[in-house]
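Structure first, commentary second.
The values are calculated or read from the model by the stated rules, or taken from the named source; none is laboratory data. From a predicted model like this one, the values you see are computed outputs, not experimental measurements. Methodologically, a virtual Cβ is constructed for each residue, glycine included, from the backbone with ideal geometry; neighbour enumeration extends over all protein chains shown. Just the protein is used for accessible areas: all its heavy atoms, side chains included, with ligands, DNA and RNA removed. Shrake-Rupley method; radii C 1.70, N 1.55, O 1.52, S 1.80 Å.
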Amino acid sequence: MTKAITSAIEEYLEAIYKMSLERKPVIAARLAERMGVSPPTVADMLRRLDENGLAHTSRPEGIRLTRRGQEAAESLVRRHRLWERFLTDVLGMDWDEVHEEACKLEHAMSPHVEEKLADILGHPDTCPHGFPIPGTKGAKKREKEAIPLSRLKVGEEGVIERVAEEEPHLLQYLATLGLFPNARIKVKEIAPFKGPLLVRVAGSQYALGQEVASKVMVKGR
């Protein structure tokens, strides 16, 4: 008998799903850090995921979602990103405010309401932070296409695809510089010894530290 997927399980599935797109093995230590819990807590949850046929752990592949786990994770991420879009586009909230609110709403939505929400929003392709919404055309491909701004060389340019971390203070800072998805950005200079990047956006130039630049994902265009 298939057990119901609880909100706690959904949170882990969502984290594993997102980490699997980072091109690194998803291991228990990284998952514990991402979730902000102890390794024993993660070990207990991984046993539950395995028992429910949602994820398996092996070496050297690490933690991998099963087909059922992948579908559940994509459904949750889709609901989350649709809510973020609703909160910004319909309610007028700032993009740095919506992540936590969407986390509360994503667990309490039926498939019928999900489709109604998508209809109202006009079936958007991305959330306000630029992440593809699962279920839209080319979503999986777009998740893997962009590279960190920090990897561009002097003279190279691209278009901001998304911000890799939905941390409010980072989003507020990027907003003051106009570093939103679809903005064109060019690297003018890079200071020696992994120093900051001087970038040009919408006619203005700004210095960005390597850590910030590594979280701005761009695509050549």
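In the context of the full set of protein chains, residues of the chain present 55 Å² of accessible surface per residue (probe radius 1.4 Å, heavy atoms only).
Structural descriptor for segment 91-209: relative contact order 20 percent, calculated from alpha carbon pairs under 8 angstrom and at least 6 residues apart. Once the Cα-Cα distance is subtracted from the 0.36 nm per residue extended length, the Ile27 to Lys186 segment shows a gain of 53.7 nm. Modelled spin-label separation between Ala108 and Met35, with each label point placed 7 Å from Cα along the Cα-to-Cβ direction: 2.3 nm. Remark: segment 84-90, residue by residue, has Karplus-estimated 3J(HN,Hα) of 4, 5, 4, 5, 7, 6, 9 Hz, where x stands for each Gly or Pro and the curve is 6.51 cos²θ - 1.76 cosθ + 1.60 at θ = phi - 60°.
If you average the C-alpha positions of segment 171-216 and of segment 42-116 separately, how far apart do those two centres end up, in angstrom? Taking the Cα centre of each part, segment 171-216 and segment 42-116 sit 30 Å apart. For the chain, adding -39500 (n - 2.57) for each run of n ≥ 4 DSSP H residues and dividing by the number of residues yields -13500 deg cm²/dmol at 222 nm. Taking a Cβ cut-off of under 15 Å around Pro40, the surrounding Lys, Arg, Asp and Glu residues balance to a net charge of 0, with basic ones at +1 and acidic ones at -1.
Size descriptors for segment 7-51 (Cα atoms only): Rg and Dmax, in that order, 9.8, 26 Å. Between the helical axis of 39-51 and the longest alpha-carbon principal axis of the chain there is an angle of about 60 degrees. Size descriptors for segment 166-221, from the alpha-carbon set: Rg then Dmax equal 11.0, 29 Å. Considering only the Cα atoms of segment 107-206, their convex hull presents on average a projected area of 8.2 nm².
Put simply, the amide H of Ala164, placed in the peptide plane, has neighbours under 5 Å in Val216, Met217, leaving out anything fewer than 5 places away on its chain.
Only one item in [x] 32, 22, 15; [y] 29, 19, 16; [z] 39, 19, 16 matches semi-axes √(5λ) of the Cα gyration tensor in Å derived from the coordinates shown, and that item is [x].
Close amide H pairs (under 5 Å, H built 1.01 Å from N) link Thr66 with Ala55, His56, residues at least 5 positions away or on another chain.
Rounded to the nearest angstrom and listed largest first, the equivalent-ellipsoid semi-axes of segment 1-97 from its Cα gyration tensor are 26, 16, 12. For Lys153, the lysines whose Cα falls under 30 Å of its own Cα, not counting residues fewer than eight places away in the same chain, are Lys18, Lys24, Lys140, Lys141, Lys144, Lys186, Lys188, Lys194, Lys215, Lys219.
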